[in-house]
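Encoded as structure tokens, the structure appears first; notes follow it.
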Amino acid sequence: MSRGNCVCIVLLCAVAVLTGCSVPAAAPASTTLPSETRSPDPTAAPTETLTATLPPTATTTPVPASTGTPAPTSTPWSLLEDGVTVQTADGLELVGTFYAPQQPAPPWPGVILLHMVYGSRQDWQEFAVDLTDAGYAVLALDMRGHGDSGGSLEWDKFEDDLLRVWAYFASHPDVDGDRSGVVGASIGANIALLLGASQQDAAAVVLLSPGLDYYGVTTSDTLEAYAPRPVLIVASEEDSYSAQSSRQLSELAGGEAHLEMYPGGAHGTVMFDRQPDLAGLIVDWLDSYLQP
């Protein structure tokens, strides 16, 4: 082999070696970035920063700190105390909510609210606001065996329980005990009348869907003991037992009784939802006996 042929072979080998090294070095430029993170502009400079996608839990803006300032309210009543308690003879604590109006100045006429069986003081919330709008102090009570009061349904203890509640409420420095009454629904109506008959200072009683006998708490005998003080009786025509009971009680009560019968079958506090004028009817009736 001549010297010239050897030189040519050496040069060809060198070119092959150089070409094999350069091809892999260029490959990463077009294959390392996944398509979803590659710059959308194929002509962008290699030094351009790619936009990263934040994980779902990350945030790009700081959360403003709370100012701690409560939202303004236009509620026309003041919730003086929730969770007031009255102790019973057997040591049970009956729990209630005491509402009071912003005006006029106390002492205010007062109303105790007694719920239906398996109900609670929360059932009266909207009506309690209506009463405080009209200038009444209100105590909505969880009766024995209900709500936050606990205990069991021992109906023979309810009369003494409510006498203790009345003593607490009527002696409250912001309540005029001589201008106070009781509103009850269903079994609460029977117990309201029982309280009125037992407590001579009770100036007015409102009975929503009363019965002649609920759970052994009767009304015809207690109404005779309550008379001649005023009583408002309200029931629904299709709530048959309560409608019949209400008519009989109205006849027994005589001249100081007002009977209001609504269409439909709503019972107790459910009547507030079905009869929008019921709250106003009760407030106006109470005003005629309890307001100065």
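The values are calculated or read from the model by the stated rules, or taken from the named source; none is laboratory data. Computed from a predicted structure; not experimentally measured. As a convention, Cβ positions derive from the backbone with ideal geometry for all residues, glycine included, and neighbour counts pool all protein chains shown. The accessibility values were calculated without ligands, DNA or RNA, using every heavy atom of the protein model including side chains. Shrake-Rupley method; radii C 1.70, N 1.55, O 1.52, S 1.80 Å.
For Val111, the conditions (1) open to solvent by 30 Å² or more (accessible area, probe 1.4 Å); (2) touching a helix residue (DSSP H, G or I) at 6+ places or on another chain (Cβ under 9 Å) are fulfilled apart from (1). The single residue among Ala185, Ala192, Ala266 that is on the phi < 0 side of the Ramachandran plot and free of Cβ contacts under 8 Å to residues at least 40 places away in the same chain turns out to be Ala266.
Among the candidates Ala257, Ala266, the residue that is at pLDDT below 95, surrounded by 14 or more Cβ atoms within 10 Å (Cβ to Cβ) and out of contact with any His (no Cβ under 8 Å at 6 or more places or on another chain) is uniquely Ala257.
Please enumerate the residues belonging to region 131-145 that are open to solvent by 10 Å² or more (accessible area, probe 1.4 Å) and under 16 Å from Ser120 (Cα atoms). Even if it seems obvious, please write down each step before you answer.
Looking only at region 131-145, we keep the residues that are open to solvent by 10 Å² or more (accessible area, probe 1.4 Å), and these are 133-134, 145.
Gly145, the sole residue that qualifies.
Scanning region 82-98 for residues that are farther than 19 Å from Val138 by Cα and among the hydroxyl-bearing types (Ser, Thr, Tyr) returns a single hit, Thr88. Count of region 177-227 residues, restricted to those that are under 19 Å from Val283 (Cα atoms) and surrounded by fewer than 18 Cβ atoms within 10 Å (Cβ to Cβ), is 1. The residues of region 137-177 that are in a loop (DSSP other than H, G, I, E, B) and either over 28 Å from Ala105 (Cβ atoms) or in contact with a Phe, Trp or Tyr (Cβ under 6 Å, 6 or more places away or on another chain) (or both), listed by number, are Met143, Arg144, Gly145, His146, Gly150, Gly151, Ser152, Leu153, Glu154.
The set of residues in region 162-171 that are open to solvent by 40 Å² or more (accessible area, probe 1.4 Å) and either under 19 Å from Ala128 (Cα atoms) or without any contact (Cβ under 8 Å) to a residue 24 or more places away in the chain (or both) comprises Ala167, Tyr168, Ser171. If you go through region 86-106 and keep only what is under 20 Å from Gln199 (Cα atoms) and either surrounded by fewer than 18 Cβ atoms within 10 Å (Cβ to Cβ) or without any contact (Cβ under 8 Å) to a residue 12 or more places away in the chain (or both), you end up with Gln87, Ala89.
Contact map, region 234-253: first residue under 18 Å from Phe272 (Cβ atoms) and free of Cβ contacts under 8 Å to residues at least 24 places away in the same chain, second residue open to solvent by 80 Å² or more (accessible area, probe 1.4 Å) and not in a helix (DSSP H, G or I), Cβ cut-off under 8 Å, separation 6 or more or different chains; pairs are Ala243/Glu237. Just one of the numbered conditions (1) under 31 Å from the mean Cα position of the chain (by Cα); (2) more than 15 Å from Ile187 (Cα to Cα) is not true of Gln248: (1). Considering (1) of a type outside the set (Lys, Arg); (2) surrounded by fewer than 22 Cβ atoms within 10 Å (Cβ to Cβ); (3) within 27 Å of the chain's Cα centre (by Cα), the lone condition that Ala235 does not fulfil carries the number (2).
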